[in-house]
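K.L.:
Got a structure for you, written out below as structure tokens; questions coming shortly.
The values are calculated or read from the model by the stated rules, or taken from the named source; none is laboratory data. Note that the coordinates shown come from a computational prediction; the quantities given were computed from them, not determined experimentally. Here Cβ is always computed from backbone atoms with ideal geometry, including for glycine, and neighbour counts include all displayed protein chains.
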Amino acid sequence: MTRHLSLLNHAAGRRIGLLGGSFNPAHEGHLFISRLALERLFLDEVWWLVAPQNPLKPLDDMAPFEERLRRTDEFADHPGIIVTGLERDLGTRFTVDTIARLQIRAPQTRFVWLMGADNLATIHHWHRWQEIFESVPVAVFDRAPYSFSCLASRAAVRYRRHRLPASRARALADVAPPVWTFVLGPRHPASATAIRAGDRSFGFAGQDD
């Protein structure tokens, strides 16, 4: 069931992973990373933050927010995964602002930002990206073909001394930022771009049919 700001009333003392994105559409790769995060990082829940609009993605192939939220909620069939429209409810556009608002509203919650290796490779293009690392623990999940290139990225180099060994990943939520870890393991090939290309039923904005 989709939940929103009311979630924060019951999050005190919990270890919550945050997985943001357009979810255009949600796919098995999102589920795979979330399950891995619950297991490897010893999290209580993973919250999917369905973005009203990703600032780094074009609008021309973006399904309407309410449709993405509904379909993501239908797809995420796991008791530890909660689909949310928190960014819409908080009125935030950028990840750094979303994290800050969540931490203000739920100061006793231990949030962890979750992302794929492809995001680590490009996060230096995100708005005030260094503040993300400075404000919340970050878990990066291996994803081909970014396994090696992401570790030479600007962000990885900038915070290389703050990398937590994978063997200590379970403690990530308890370590004060800046701290991040690279979660090795099986990789899932799912791609939202490929899924959109093969799913003509998905209601993209600007689609002719």
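K.L.:
When the stretch 143-159 is examined, which residues are found to be modelled with pLDDT of 95 or more and either touching a Ser or Thr at 6+ places or on another chain (Cβ under 6 Å) or under 15 Å from Ala117 (Cβ atoms) (or both)?
P.N.:
Of the residues in the stretch 143-159, the ones modelled with pLDDT of 95 or more are 150-159.
Of everything in the stretch 143-159, those that are modelled with pLDDT of 95 or more and either touching a Ser or Thr at 6+ places or on another chain (Cβ under 6 Å) or under 15 Å from Ala117 (Cβ atoms) (or both) turn out to be Cys150, Leu151, Ala152, Ser153, Arg154, Ala155, Ala156, Val157, Tyr159.
K.L.:
Further question: Pick from Leu31, Leu18: which is modelled with pLDDT of 95 or more, closer than 27 Å to Leu172 by Cβ and not in a helix (DSSP H, G or I)? Quick ask: steps written out before the conclusion?
P.N.:
On the way: Leu31 fails: not in a helix (DSSP H, G or I).
Answer to the check: Leu18.
K.L.:
Looking at the stretch 155-163, is at least one residue among the small types (Gly, Ala, Ser), over 19 Å from Ile16 (Cβ atoms), touching a helix residue (DSSP H, G or I) at 6+ places or on another chain (Cβ under 7 Å) and surrounded by fewer than 16 Cβ atoms within 10 Å (Cβ to Cβ)? Steps first, answer last, please.
P.N.:
Step one: of the stretch 155-163, the residues among the small types (Gly, Ala, Ser) are 155-156.
With the extra rule that they be over 19 Å from Ile16 (Cβ atoms), the set shrinks to 155-156.
Restricting the remaining residues to those that are touching a helix residue (DSSP H, G or I) at 6+ places or on another chain (Cβ under 7 Å) gives 155-156.
If we keep only those that are surrounded by fewer than 16 Cβ atoms within 10 Å (Cβ to Cβ) as well, we get none.
Taking every residue of the stretch 155-163 in turn, none turns out to be among the small types (Gly, Ala, Ser), over 19 Å from Ile16 (Cβ atoms), touching a helix residue (DSSP H, G or I) at 6+ places or on another chain (Cβ under 7 Å) and surrounded by fewer than 16 Cβ atoms within 10 Å (Cβ to Cβ).
K.L.:
Pick out, from the stretch 57-141, the helices (runs of 4 or more DSSP H) lying fully within it that include 2 or more residues that are over 20 Å from His30 (Cβ atoms) and of a type outside the set (A, V, I, L, M, F, W, C).
P.N.:
The helices (runs of 4 or more DSSP H) meeting that bar are 95-105, 129-135.
K.L.:
Could you please let me know if Pro52 is within 13 Å of Gly20 (Cα to Cα) and assigned to a loop (DSSP other than H, G, I, E, B)?
P.N.:
Values: within 13 Å of Gly20 (Cα to Cα): yes; assigned to a loop (DSSP other than H, G, I, E, B): yes.
Yes; evaluated as a whole, the condition is true for this residue.
K.L.:
Does Met62 fit the bill of being under 14 Å from the mean Cα position of the chain (by Cα) and among the hydrophobic types (A, V, I, L, M, F, W, C)?
P.N.:
Details: under 14 Å from the mean Cα position of the chain (by Cα): no; among the hydrophobic types (A, V, I, L, M, F, W, C): yes.
Against the criterion (under 14 Å from the mean Cα position of the chain (by Cα) and among the hydrophobic types (A, V, I, L, M, F, W, C)), Met62 does not qualify.
K.L.:
So which pairs qualify, if the first residue must be in the stretch 52-78 and closer than 21 Å to Val96 by Cβ, the second must be of a type in the set (A, V, I, L, M) and not in a loop (DSSP other than H, G, I, E, B), the Cβ gap must be under 9 Å, and the two must be at least 6 apart or on different chains?
P.N.:
The qualifying pairs are Phe65/Val50.
K.L.:
Please find, among Tyr146, Tyr159, the residue that is touching a strand residue (DSSP E or B) at 6+ places or on another chain (Cβ under 8 Å), hydroxyl-bearing (Ser, Thr, Tyr) and over 22 Å from Phe111 (Cβ atoms).
P.N.:
On the way: Tyr159 fails: over 22 Å from Phe111 (Cβ atoms).
Only one candidate qualifies: Tyr146.
K.L.:
Between Phe23, Phe42, Phe32, which is surrounded by fewer than 19 Cβ atoms within 10 Å (Cβ to Cβ), aromatic (Phe, Trp, Tyr), over 23 Å from Ile104 (Cβ atoms) and out of contact with any His (no Cβ under 6 Å at 6 or more places or on another chain)?
P.N.:
Details: Phe23 fails: surrounded by fewer than 19 Cβ atoms within 10 Å (Cβ to Cβ); Phe32 fails: out of contact with any His (no Cβ under 6 Å at 6 or more places or on another chain).
On inspection, the qualifying residue turns out to be Phe42.
K.L.:
Looking at (1) modelled with pLDDT under 95; (2) assigned to a loop (DSSP other than H, G, I, E, B); (3) surrounded by fewer than 16 Cβ atoms within 10 Å (Cβ to Cβ), which one does Ala176 not meet, given that it meets all the others?
P.N.:
(1)
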